Amino acid sequence: DLTAPELIEHADIAMYQAKGSRVGSYQVFDPAMKTAAADRIALRSDLDRAVELKEFTIAYQPIIELRSGRLTGAEALLRWKHPERGHVSPAEFIPIAEESGLIIELGSWVLRSACAQAAAWRKEFRRRVEVSVNVSSSQLRDAAGFVTAVRGALAESALPPDSLELELTESMIIHAGQDTLAALSGLRALGVRIALDDFGTGYSSLGYLSQLPVDCLKIDRSFVSGLERDAGSRGIAQAVLTMAQSLKMRTVGEGVETVEQQNFLRQAGCAEAQGFLYSKPVPAEDVSALLARGLALGSSGSRRQRNAG
Ligand code: C2E
Ligand code: CA
Ligand code: CA
C-alpha cells in the first residue's frame, strides 16, 4: 500500500535505471533499486566534499614496451578513499561525478597532477616518461574549456606536449561534434597524443577510424584475457593490430596478466602493454622506484639475458 508520493518516487527510480540501460528499455521498480538510488545520492554529496577534504589521490599503472620490457610511461587512475567506505571504485564514482558536473574540476585536477608528476619523473631520471590521462565525455562537451585545461596543465608543468596522452573511448570520438574533433586536432598539432581506450568494444569502421585524430589504440582487456582460451579474442586482437599497423597507430595491450598473453601480443606486433603482470596501479613513489632501478618488466622474449658479472 504505497502513498502517491512513494509511487512517484519508485517510478522515478525505475525510470532512472531504464535511462542508464539500452535506449527504449523499461525497468520495473524493485526495492533494491531504492537502496542503490539512496546510495548514489549519499555518494554524490560525499563526492562534493571529497575534493576539499583531499580524499582523492592518483595511482599510476606502468606501461611497458613489449620489445624491451622498458617502462615507457604510466596511466593515471583516480582513487577515492572514502572516510567510512574505504576505497570506492572509479567505475562507481566517475558516473556520479559526471552527473553532478564535478568531473570537470576533478578531470582538470588529474590532468594537472599527472603532467606535474610526469615532468618530475622526467627531471629526476633524465628520460622521457609519458603519462596517459583518462578523459570523460563530459569534459569534451565544452571543447574550448577542455583545451584550456590541457594547455594550462602543460604550461604549468612545462611537460613537453608529446609526453601527454589523452585516453578517450571509441564511442566518445564517434559521437564527437565538429568542435570537439577540431579541439582534439588542435591539441594534436601541439604534440599531445590521443589514444582510443577499451578498443574493440565499439563499432568504428576502418575507413572512419583513419579520418579521426587518433594516434594509439588500447586493446580492451576483454580480448587480452581471452587470448589463451578463445580463438575469437585472438582473431580480434590480431585484426586490431594489423589494422593499427596499416594506419600507423601505436598499440597498447590492456590488462595483461600472463606471460602467454604477453607473448601473443608481442608476436602479433603489439608495441606496448599494461597489466597486473607488470604492475598494478601504484602510488607515484613506486613508479619512481621502478624508474630508479631501470629494470625490464615482464618476461624476456626477443630480449636477451644480460651477462652476469
Ligand atoms: P580504464 O581506463 O580502462 O583503466 C584500466 C582499468 O583496468 C583500471 O581500473 C585498472 O586498475 C584495471 N587493470 C589494469 N590492469 C589490469 C589487469 O591486468 N587485470 C585486471 N583485472 N584489471 C586491470 P580502475 O582503476 O578501477 O579504473 C576503472 C575505470 O575508471 C577506468 O578504466 C576509467 O574508465 C575510469 N577512470 C579511472 N580514473 C579516471 C579518471 O581520472 N578520469 C576518468 N574520466 N575516468 C577514470
Ligand atoms: Ca584508460
Ligand atoms: Ca581501458
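The values are calculated or read from the model by the stated rules, or taken from the named source; none is laboratory data. Just so it is clear, the structure is predicted and the values come from calculations on it, not from any experiment. Every residue, glycine as well, gets a Cβ built from its backbone with ideal geometry; the counts of neighbours run over all protein chains shown. To get the accessible areas, we keep the full protein, side chains included, count just its heavy atoms, and leave off ligands, DNA and RNA. Shrake-Rupley method; radii C 1.70, N 1.55, O 1.52, S 1.80 Å.
Ala271 passes every criterion in (1) out of contact with any strand residue (DSSP E or B) (no Cβ under 6 Å at 6 or more places or on another chain); (2) more than 15 Å from ligand 2 (Cβ to nearest atom); (3) open to solvent by 10 Å² or more (accessible area, probe 1.4 Å) apart from (1). Among the residues of the stretch 98-111, the ones that are within 16 Å of ligand 2 (Cβ to nearest atom) and under 14 Å from Ile58 (Cα atoms) come to 4 in all.
Taking first residues from the stretch 149-176 that are over 21 Å from Arg112 (Cα atoms) and partners that are in a helix (DSSP H, G or I), the Cβ contacts under 6 Å between residues at least 6 apart in sequence or on separate chains come to Met172/Ser137.
The residue that is most open to solvent (accessible area, probe 1.4 Å), among those in the stretch 73-97 that are more than 15 Å from ligand 2 (Cβ to nearest atom) and either in contact (Cβ under 8 Å) with a residue 40 or more places away in the chain or among the small types (Gly, Ala, Ser) (or both), is Glu92. So which residues in the stretch 7-29 are open to solvent by less than 70 Å² (accessible area, probe 1.4 Å) and either in contact (Cβ under 8 Å) with a residue 24 or more places away in the chain or acidic (Asp, Glu) (or both)? Scanning the stretch 7-29 gives His10, Ile13.
Which residue pairs have Cβ atoms closer than 7 Å, lie 6 or more positions apart in sequence or on different chains, and pair a first residue in the stretch 193-212 that is open to solvent by less than 40 Å² (accessible area, probe 1.4 Å) with a second residue that is away from ligand 2 (no atom under 16 Å from the Cβ) and part of a loop (DSSP other than H, G, I, E, B)? Once the first residue is open to solvent by less than 40 Å² (accessible area, probe 1.4 Å) and sits in the stretch 193-212, its partners that are away from ligand 2 (no atom under 16 Å from the Cβ) and part of a loop (DSSP other than H, G, I, E, B) give Ile194/Pro213; Leu209/Leu247. In the stretch 153-173, the residue that is surrounded by the fewest Cβ atoms within 10 Å (Cβ to Cβ) out of those that are within 17 Å of the chain's Cα centre (by Cα) and more than 16 Å from ligand 3 (Cβ to nearest atom) is Ser163. Considering every residue within the stretch 121-130, establish whether at least one is of a type outside the set (Lys, Arg), in a helix (DSSP H, G or I), open to solvent by less than 20 Å² (accessible area, probe 1.4 Å) and more than 16 Å from ligand 2 (Cβ to nearest atom). Yes, the stretch 121-130 contains at least one residue that is of a type outside the set (Lys, Arg), in a helix (DSSP H, G or I), open to solvent by less than 20 Å² (accessible area, probe 1.4 Å) and more than 16 Å from ligand 2 (Cβ to nearest atom). Of all residues assigned to the stretch 40-61, none qualifies as being modelled with pLDDT under 85 and in contact with a His (Cβ under 6 Å, 6 or more places away or on another chain).
In the stretch 246-260, the residues that are closer than 16 Å to Thr169 by Cβ and away from ligand 3 (no atom under 16 Å from the Cβ) form no Cβ pair under 9 Å with any partner that is open to solvent by 40 Å² or more (accessible area, probe 1.4 Å) and not β-branched (Val, Ile, Thr), whether six or more places apart or across chains. For the stretch 151-176, the set of residues classified as more than 24 Å from Asp286 (Cβ to Cβ), within 16 Å of ligand 2 (Cβ to nearest atom) and among the hydrophobic types (A, V, I, L, M, F, W, C) consists of Leu168, Met172, Ile173, listed by residue number. Can you say whether Ser279 is among the hydroxyl-bearing types (Ser, Thr, Tyr), in contact with a strand residue (DSSP E or B) (Cβ under 9 Å, 6 or more places away or on another chain), touching a residue at least 60 places away in the same chain (Cβ under 8 Å) and surrounded by fewer than 21 Cβ atoms within 10 Å (Cβ to Cβ), as far as the supplied structure shows? So Ser279 passes the test. So Ala149 ticks every box in (1) more than 19 Å from the chain's Cα centre (by Cα); (2) surrounded by 14 or more Cβ atoms within 10 Å (Cβ to Cβ); (3) hydrophobic (A, V, I, L, M, F, W, C); (4) within 25 Å of Thr72 (Cβ to Cβ) but one. Which box is left unticked? (1) is the only condition that Ala149 fails.
Ala284 meets the conditions (1) within 17 Å of Leu71 (Cβ to Cβ); (2) of a type in the set (Gly, Ala, Ser); (3) surrounded by 21 or more Cβ atoms within 10 Å (Cβ to Cβ) in every case but one. The failed one is (3). Among the listed residues Arg188, Arg229, identify the single one that is closer than 18 Å to Gln262 by Cβ and more than 16 Å from ligand 3 (Cβ to nearest atom). From the options Arg188, Arg229, the qualifying one is Arg229.
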